[in-house]
Amino acid sequence: MLVVTRFVVAEEGQDGFVERAHTALATLAARPGYLTGRLARSLDEPAYWCLVTEWESVGAYRRALSSFEVKVDATPLLAESLDEPSAYEVLAGARPGGAVEVSRSDRAPDDDRSGPPGRPGPQAGGGTALRSRS
């Protein structure tokens, strides 16, 4: 599972942001199920940043978000992110020079109809996408 959390940070706030992002990344990295993570800044628009983490599963990610350490050291930063979907299931990948490897989706086969009765799923314009906020 891939989590892409994007931020827009004013130039005068970037030093503090980077320090807090390093703390958040280290805290997330200490949680079970964490695989890797990176903090990156846009080459074209230096105010745009992203924190990208990869997890064994959506459950591992959600358990990490509910831990006390993450609530203290990462959630305040994550709350400043852009309000957009951030959690993605990986459906295909390729290593350098390798073939594309396709992964099975963990979503329900009828995910366009999932959710409470009478509420449309993502295919019908509703919003059941995973969010990084707790």
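FYI, it's all coordinate maths here, none of it is from the lab. Small disclaimer: the values here were computed from a predicted structure and weren't measured. Virtual Cβ from ideal backbone geometry, glycine too; neighbours counted across all protein chains shown.
Here are some notes:
- Our estimate of slack between Val72 and Glu11, defined as 0.36 nm per intervening residue step minus the Cα-Cα distance, is 19.5 nm.
- P(r) weight above 24 Å for the stretch 2-124, C-alpha pairs, percent: 40
- Local electrostatic count, Leu2, Cβ distance below 12 Å [Lys/Arg +1, Asp/Glu -1]: -2
- About the centre of its Cα atoms, the stretch 2-124 shows a dipole size close to 480 debye [charges on the beta carbon of Lys, Arg (+1) and Asp, Glu (-1) only; nearest 20 debye].
- Distant-in-sequence amide contacts of Ser86, defined by a placed amide H-H separation under 5 Å and a gap of 5 or more residues or a different chain, comprise Ser132.
- The stretch 1-47 shape via C-alpha gyration tensor axes, a/c threshold 1.5: oblate
- Inter-probe distance in nm under a simple model that places probes 7 Å from Cα toward Cβ, at Tyr48 and Glu89: 2.8
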